[in-house]
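Have a look at the structure below before the remarks.
The values are calculated or read from the model by the stated rules, or taken from the named source; none is laboratory data. Predicted model, so just to flag it, every value in this text is computed and none were measured. In this analysis, Cβ positions are derived from the backbone assuming ideal geometry, glycine residues included, and neighbour counts consider all displayed protein chains.
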């Protein structure tokens, strides 16, 4: 009776492989939750991008409104209310995404299931662009805030940005749980600090003494604003919503029950971000704060609420730190997205590989490299990056909302029309914001995104075509013929008589009954000495010695393998033994003839090549 069976996977059970009747875990430690995050840890791991946006979202609105005069600044309150309404819609929408698509992928998964492959490719390309920009913008903004406090660091802005990027990369290569726990304390300090600012500001009717805030003089009659200006301010303030989708993109990073924990984190993020935006908008109007070239809006509100004491500097430094670490959101989202794209053969399959820790290392490293290139290209200048920001993520918002409308119409669960109406409203609002972003920021740099997304679509298409061609060549979709034994020859490349030669011949004889040893020698004396040593050893394998006056090992070997005697065999395997040193640094001391020979033979000879390591074990 066969024992190669299991009782079936339990919900949430770790992946496993059945071999010879035993169940071997594919990823040790996953069942216990090692390397995975809790609902609270999801905030520093996947939500810093959204939370840190309170440092620039309100300011972006004020910059637009200020163009209509000081009287227009009060409009930040109703615009913020509309943005928070959109935030609520997005939070509930992404809770639905998490529940329906618990494997992660966010708008990519929704678009793929409901809008078709082309829409899903656009969603994926938009998210890739947004993730890379999020890393670059967040780090550059954090360094800019630090330089504002310490101007002497200005010449080193780029190097500071790259150093922070390197630190984040190293932490995320150890696992998202490591980064989440590392960033939990500064995230808590920032959140508590912002709430302290809001509460203290609500208790005041005027700015704190010595705050350095110079309120704008607001006319009694507020300025009449055009609809286009209001829409532009709404779009600018909506940049505070970037990062909402990251939790839905990385549901597998949570502990069991994954979907429930991720939905809790989504709601927690919505509550924190919404209350902060409303509180800061109210204080902006109360203290008549406007945009300044010397201070950020958040800095002015902080000073007006609590003065310029120790708490002010704690909040300011926490803001700097959180802005720099907001890039961690992308490190949690893009590698998982890349793994899903690899599963669909849209990016190289290597992006779907994980090490012992639940980390997609190739995705983490690729994100770091792309962000580093971008930072170097703009010299870590935030102003050069901001025009590119948020377009990608709002495109994803629109596609995911539209996809959910089709999902509810197809599934028709109880009260499906209410859910579809909610998602349809969200799709209309995010689509409007996307159009406004593109039209108002196109000449300021948004054209780069317009080019980058189609370029990624072409790349996805080319990679998918390559894998389809390889699949047809391999015959992966049809049953192969019956395997049969064929006349085969193993050619062992040797340089002398040694234990490594014995090991190589033993390996070759285990593979075939017909084995021949071949050695390339540069002079007669060494050739005769090798033949004499071989005759004394008598291993039972014929030795063919090839002469090479030109001191090349490649040309004689290629000629030998092309001879009629060798080509008469259906299968020819060239076995190349190599020394594998005990320590990696000793690899530089080994000659690289085996590597060179193997690479050349694969290209020029119709043979299979096998490099066999002879491991050194003695100290």
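Descriptive notes on the structure:
- Residue in region 493-500 that is part of a helix (DSSP H, G or I), in contact (Cβ under 8 Å) with a residue 12 or more places away in the chain and in contact with a strand residue (DSSP E or B) (Cβ under 9 Å, 6 or more places away or on another chain) present: yes
- Residue within region 289-305 that is at pLDDT 85 or above and surrounded by fewer than 22 Cβ atoms within 10 Å (Cβ to Cβ) present: no
- Selection status of residue 323, in contact (Cβ under 8 Å) with a residue 60 or more places away in the chain, buried (at least 24 other Cβ atoms within 10 Å of the Cβ) and not in a loop (DSSP other than H, G, I, E, B): yes
- Restricting the search to helices (runs of 4 or more DSSP H) fully inside region 38-131 and requiring at least 2 residues that are more than 19 Å from the chain's Cα centre (by Cα) and more than 24 Å from residue 292 (Cα to Cα) gives 76-100, 107-114.
- Matching option when the condition is over 17 Å from residue 336 (Cα atoms) and either in the same structural domain as residue 336 (by TED's automatic domain parsing) or crowded, with 24+ Cβ neighbours inside 10 Å (or both), among 98, 79: 79
- Considered as a group, the residues in region 518-532 that are out of contact with any helix residue (DSSP H, G or I) (no Cβ under 7 Å at 6 or more places or on another chain) and within 21 Å of residue 490 (Cβ to Cβ) include one that is surrounded by the fewest Cβ atoms within 10 Å (Cβ to Cβ), and that residue is 531.
- Test: residue 478 is farther than 30 Å from residue 433 by Cβ, surrounded by fewer than 18 Cβ atoms within 10 Å (Cβ to Cβ) and modelled with pLDDT of 85 or more: no
- Conditions (1) assigned to a strand (DSSP E or B); (2) free of Cβ contacts under 8 Å to residues at least 12 places away in the same chain: number failed by residue 573: (2)
Residue by residue, here is whether (1) within 12 Å of residue 93 (Cα to Cα); (2) without any contact (Cβ under 8 Å) to a residue 24 or more places away in the chain; (3) within 30 Å of the chain's Cα centre (by Cα) holds:
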{"site": "376", "(1), (2), (3)": "no, no, yes"}
{"site": "380", "(1), (2), (3)": "no, no, yes"}
{"site": "385", "(1), (2), (3)": "no, no, yes"}
{"site": "393", "(1), (2), (3)": "no, no, yes"}
{"site": "400", "(1), (2), (3)": "yes, no, yes"}
{"site": "406", "(1), (2), (3)": "no, no, yes"}
{"site": "412", "(1), (2), (3)": "no, yes, no"}
{"site": "417", "(1), (2), (3)": "no, yes, no"}
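- The set of residues in region 215-240 being closer than 30 Å to residue 311 by Cβ and modelled with pLDDT under 60 consists of 215, 216, 217, 218.
- Yes/no for residue 541 being within 20 Å of residue 500 (Cα to Cα), in contact (Cβ under 8 Å) with a residue 40 or more places away in the chain, touching a strand residue (DSSP E or B) at 6+ places or on another chain (Cβ under 6 Å) and in the same structural domain as residue 500 (by TED's automatic domain parsing): yes
Let's see how each residue does on (1) modelled with pLDDT of 80 or more; (2) under 18 Å from residue 120 (Cα atoms):
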{"position": "326", "(1), (2)": "yes, no"}
{"position": "333", "(1), (2)": "no, yes"}
{"position": "348", "(1), (2)": "yes, yes"}
{"position": "353", "(1), (2)": "yes, no"}
{"position": "356", "(1), (2)": "no, no"}
{"position": "364", "(1), (2)": "yes, no"}
{"position": "367", "(1), (2)": "yes, no"}
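- Criterion violated by residue 347 - all others in (1) in contact (Cβ under 8 Å) with a residue 24 or more places away in the chain; (2) assigned to a helix (DSSP H, G or I) satisfied: (2)
- The residues of region 286-316 that are in a helix (DSSP H, G or I) and free of Cβ contacts under 8 Å to residues at least 12 places away in the same chain, listed by number, are 310, 312, 313.
- Boolean, residue 433 is under 27 Å from the mean Cα position of the chain (by Cα), within 18 Å of residue 241 (Cα to Cα) and crowded, with 16+ Cβ neighbours inside 10 Å: yes
- Going through (1) touching a residue at least 60 places away in the same chain (Cβ under 8 Å); (2) surrounded by fewer than 17 Cβ atoms within 10 Å (Cβ to Cβ) one by one, residue 442 falls short only on (1).
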